[in-house]
Every structure is written in structure tokens, then in C-alpha cells.
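K.L.:
Structure in C-alpha cells, see below.
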Amino acid sequence: MDREVEQALPIREVDATPYAASLIEGHRDFGYSLDTALADVIDNSISAGSTSVQLIANTTAEEPSIIIADDGSGMSETELVEAMRLGSKNPSDKRASEDLGRFGLGLKSASFSQCRSLTVLSVKDSKTSCARWDLDRVSKRNDWSLELLDDHSSVPGLEFLSADGTVVVWEKLDRLVGGYGDDRAKRVGHLNEALGLAERHLRLVFHRFLEGKNQRYAFH
Ligand SMILES: Nc1ncnc2c1ncn2[C@@H]1O[C@H](COP(=O)(O)OP(=O)(O)OP(=O)(O)O)[C@@H](O)[C@H]1O
Ligand SMILES: [Mg+2]
């Protein structure tokens, strides 16, 4: 259409901000499996220059959790808040060659595909920051307010941070418990089997990183 004609036409606008509750739930179904979800989180660790990434799964607890801990650059609180934002970067922005990220979605959509509670603890310059998306809270409030936890002493995984680094904690593993929420033995068996398969996949995917550049990846 001719630009001048287009400008002459009256345009009405209306705010169409997405509803937090439905958009965030929709992010659970981007087609991730446990393997690819873990791989996306580990991609971030590699982009952050980690030399060690640990995967720790507490499968026997009443509330099972999965922890991915790295010794990368870590994030300040401002950076962490940005990292937790859905769509935290512009895909057309220039990236460093080792940066595997693109859309600013991976951490959130990969995590939500497996769990309803994502907590990220990060240490940078001796300062610890902690933020959480709990999908039950978002559903209730239907807004984008992110929880910042000043007291993170009860967050599982804190013990894996000493110097700079980041710990990603998945809790409320509703999809991974495979419908065995109330049957502890079956739940543990199901989780262990899924994690065993995922570990094999991760060893293949990160083969290059496992062998190269003196980087050590320990899957526990
Ligand atoms: N382990 C980590 N250590 C340091 N910074 C991290 C870590 N994980 C995420 N980040 C920061 O959070 C940002 C958002 O991560 P996220 O995975 O959501 O998106 P992305 O990696 O930028 O793009 P993509 O959607 O392709 O994954 C990253 O760009 C990075 O700056
Ligand atoms: Mg990413």
C-alpha cells in the first residue's frame, strides 16, 4: 500500500498483552523431552564458560528435584532477572561465537517442559542471587512478577556453589513422575530410568565438550 495513503488511514490500537497464566503454561509444550531440556540448560552453562557441569537428581525424596550446577560466569541479580524473563534477548542481536543461545527462551521453556517450579541460584563477584518461577503462583496471580528469594538457605543445590557459577533447580516434577506421584517406589523407578536414558543422550550430544578443551562434565 502507498505509504502516504497508509498514514492517512485512522488506526486504532488496543493493548493485547498476553495473559501470563496461559502463556506460561503454553511454554510447557514446545516439544522438549527430558534429554533435550537438560541439553538446553547445559548449553547455557557452556555459553557461560563453565569448565564443570554437574547434574544431580534427588529421585528418592518426597519432593524429587533435579539440579544442574555449573562453575561458569554466574549472574548478578539484574542479569538473573533478565535471564528469567521469557524472551530475554533479541534473536537478531550479535552473539559471541561460544554463545549457543538465540531467543532467550531456552532456560524457561526447557525447564517448564519438565517441572512446575524453576529456581535459579547464581553467584557472581561473591554475591548470590536467587529467583523463581512457580507456575502455580503465576496461574493464581496471572501476572509476570518473578519471585526473588533473599533467603535461599532452603533451596536445594546451594551447596554446589562456592565461587562464581549457577545452579538451576527443577522442582514439582509433575511430568517426570509419570503419573506415579503417590507410589514412591514406582515413581523412583520411573525417574531413574528416564534419567539413565537422558544421561546416555547427553554423553552423545556433549561428546565434543566432554573430550575437548579440558572441559569436564560430570553427570551424577
Ligand atoms: N548457567 C548460566 N550461566 C550464566 N548465564 C546464564 C545461564 N543460563 C542462562 N543464562 C543467561 O540467561 C539468558 C537466557 O537464557 P535462555 O536459555 O532462556 O536463552 P538463550 O540461551 O539466550 O537463548 P535460547 O532461547 O536459544 O536458549 C542467557 O542468554 C544467559 O545470558
Ligand atoms: Mg539457552
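K.L.:
For the chain, count the residues as N, evaluate 2.2 N^0.38 Å, and divide the Cα radius of gyration by that value, please. Show your work: numbers first, answer last.
P.N.:
Values: Rg = 19.4 Å, N = 220, 2.2 N^0.38 = 17.1 Å.
This ratio for the chain stands at 1.13.
K.L.:
Just going by the charge dipole of the chain, with Lys and Arg at +1 and Asp and Glu at -1 on Cβ, which of ASN58, ALA198, SER154 is farthest out on the positive end?
P.N.:
ALA198
K.L.:
Sticking with this one: Kindly express, to the nearest 10 degrees and within the range 0 to 90, the angle between helix 34-47's C-alpha long axis and the longest C-alpha principal axis of the chain.
P.N.:
80
K.L.:
If each of PHE103 and SER154 carries a label point 7 Å out from its Cα toward its Cβ, how far apart are those two points in nm?
P.N.:
My value for the distance between the label points is 3.5 nm.
K.L.:
In the chain, how many lysine pairs have Cα atoms under 19 Å apart, counting only pairs 8 or more places apart or on different chains?
P.N.:
Working: LYS89/LYS108; LYS108/LYS140; LYS108/LYS172; LYS140/LYS172; LYS172/LYS186.
Lysine pairs meeting both conditions in the chain amount to 5.
A short reminder: the numbers here are calculations on the coordinates, not readings from a lab. Not measured: the values here are computed from a predicted model. Because the Cβ atoms are built from the backbone with ideal geometry, glycine has one as well, and the counts that use them run over all protein chains shown.
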